[in-house]
Amino acid sequence: MNGTPSQEEIDAVAHFVEAARELKDSPFFKQEYGSLSLSMREGAAREEIEGNFPDQQIIQGAVVPFRRVWHQGEVCYHARVVNILRRYEPFYRSFLTPILFTDERSLAGSFEWTRDCGLTPTEVIDLWLNTRYHHVGRGRPSLPSRDDFDRFNESLGPVLFEFYFLQSLFEFGISLFNVLQCAEGFLRTAEEQGLNPSFQPVTTRDPRIRRGTPGYTPPKESAHHRVWRLRRRNDYRGISYLLDISNLTDEVVAGLLVHCDSFDHFTSEAGLSLEHTDDFEAARENEDFYAMGGAIDTHITAVRNGKCRRGFVGRRRDSSLVWGEDFVPIVTDQYIAFRAAYLREPFE
């Protein structure tokens, strides 16, 4: 650690860790829950698109801790915490840059129906939080109003408008969990130097507390339900995106995992055609991708490798796949871990 952080800075990071852990433990982000998708047939009109979204109470359970890291006036505002981490930990200066949420890298903002709608992913989060969840409209001139909400709800349609918000919220949360691991490491290093938060953080993981809600606890898993759960874990987001855009069902994946001991073997058996491009951005502009996905290293993998890799994949309408940057190397590693977790007994 370079220099000595102030007590206020230590407390800000500790508050961030507390809020981010609570967010990560919320059902919206928890590994067994990922009910966020659109249903449509090819060529369907915008008003014919249907949404598959989490229960309203699940969403509300996520936006409560989310507010503490999102709003600029909060002690643990995410950008402030990132600046603290960069200031005192040299490694984080380069590590954090590619994993932070930005409008330009957001998949939610790259869909054809959101790309030119007049709202960035950051703005759509602000709009929903300030008019529907945290506030009820403009409290000061700089905040969006309910008229703004109604206007975009009309232009995008209720289904796409809410999907845009939830997908942006999800992407931002995933990036926060990488920052969380950095923040936890920062606090451990500070503690070794005798620097501790001035308060006792609240934990949602106290082993003496049993948490569960009927209807939200998954039943005993079958082979394909085991795959369903793994596909919703943050550590396997890259391989999960690939499975999603390839339209491989949980039942098919479960069967392949038993005997495919490598990613190459898996793609061969699944009949997936993967083509590399040196310029994915150009490919995205020039080709009519039916669906897209991305992958990024977890904090632990990045530390082990000494760098943070990222990559993207797009599916053409003929079902062939185009990938760029480090997408395949990332999902190759993720596949090995994914398969090991699937075969492990007892399943965790």
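The values are calculated or read from the model by the stated rules, or taken from the named source; none is laboratory data. A quick note: this is a predicted structure, and the numbers were derived from the prediction, not measured. Cβ: placed from backbone, ideal geometry, glycine included. Neighbour counts: every protein chain shown.
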Checking PRO329 against (1) in contact (Cβ under 8 Å) with a residue 60 or more places away in the chain; (2) out of contact with any helix residue (DSSP H, G or I) (no Cβ under 9 Å at 6 or more places or on another chain), only one condition comes out false. Which one? (1)
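For PHE312, state whether it is in contact with a Gly (Cβ under 7 Å, 6 or more places away or on another chain), surrounded by 14 or more Cβ atoms within 10 Å (Cβ to Cβ), over 25 Å from ILE58 (Cα atoms) and modelled with pLDDT of 85 or more.
Details: in contact with a Gly (Cβ under 7 Å, 6 or more places away or on another chain): yes; surrounded by 14 or more Cβ atoms within 10 Å (Cβ to Cβ): yes; over 25 Å from ILE58 (Cα atoms): yes; modelled with pLDDT of 85 or more: yes.
Spelling it out, PHE312 is indeed in contact with a Gly (Cβ under 7 Å, 6 or more places away or on another chain), surrounded by 14 or more Cβ atoms within 10 Å (Cβ to Cβ), over 25 Å from ILE58 (Cα atoms) and modelled with pLDDT of 85 or more.
Can you tell which of ALA282, ALA291, ALA295 is among the hydrophobic types (A, V, I, L, M, F, W, C) and part of a helix (DSSP H, G or I)?
Values: ALA291 fails: part of a helix (DSSP H, G or I); ALA295 fails: part of a helix (DSSP H, G or I).
Of the residues listed, the single one that is among the hydrophobic types (A, V, I, L, M, F, W, C) and part of a helix (DSSP H, G or I) is ALA282.
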Between a first residue in segment 263-288 that is under 16 Å from ILE336 (Cα atoms) and a second residue that is among the aromatic types (Phe, Trp, Tyr) and part of a strand (DSSP E or B), which pairs have beta carbons less than 7 Å apart while being 6 or more apart in sequence or on different chains? none
Please work out if LEU119 is buried (at least 21 other Cβ atoms within 10 Å of the Cβ) and either in contact with a Ser or Thr (Cβ under 7 Å, 6 or more places away or on another chain) or part of a loop (DSSP other than H, G, I, E, B) (or both). yes
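Tell me, please, whether a residue that is closer than 18 Å to GLU123 by Cα, aromatic (Phe, Trp, Tyr) and at pLDDT 85 or above can be found in segment 77-98. Spell out how you get there, then give the answer.
Narrowing segment 77-98 to residues closer than 18 Å to GLU123 by Cα: 77-79.
Filter once more, keeping what is aromatic (Phe, Trp, Tyr): 77.
Checking the rest, the ones that are also at pLDDT 85 or above come to 77.
Yes, that holds for at least one residue.
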Failed criterion for PHE161 (all others in (1) under 18 Å from GLY73 (Cβ atoms); (2) at pLDDT 90 or above hold): (1)
Checking LEU143 against (1) surrounded by 14 or more Cβ atoms within 10 Å (Cβ to Cβ); (2) under 22 Å from SER26 (Cα atoms); (3) among the aliphatic types (A, V, I, L, M); (4) modelled with pLDDT under 90, which single condition isn't satisfied? (2)
Within the bounds of segment 335-345, is there any residue that is buried (at least 17 other Cβ atoms within 10 Å of the Cβ), outside the structural domain of THR114 (by TED's automatic domain parsing) and free of Cβ contacts under 8 Å to residues at least 60 places away in the same chain? no
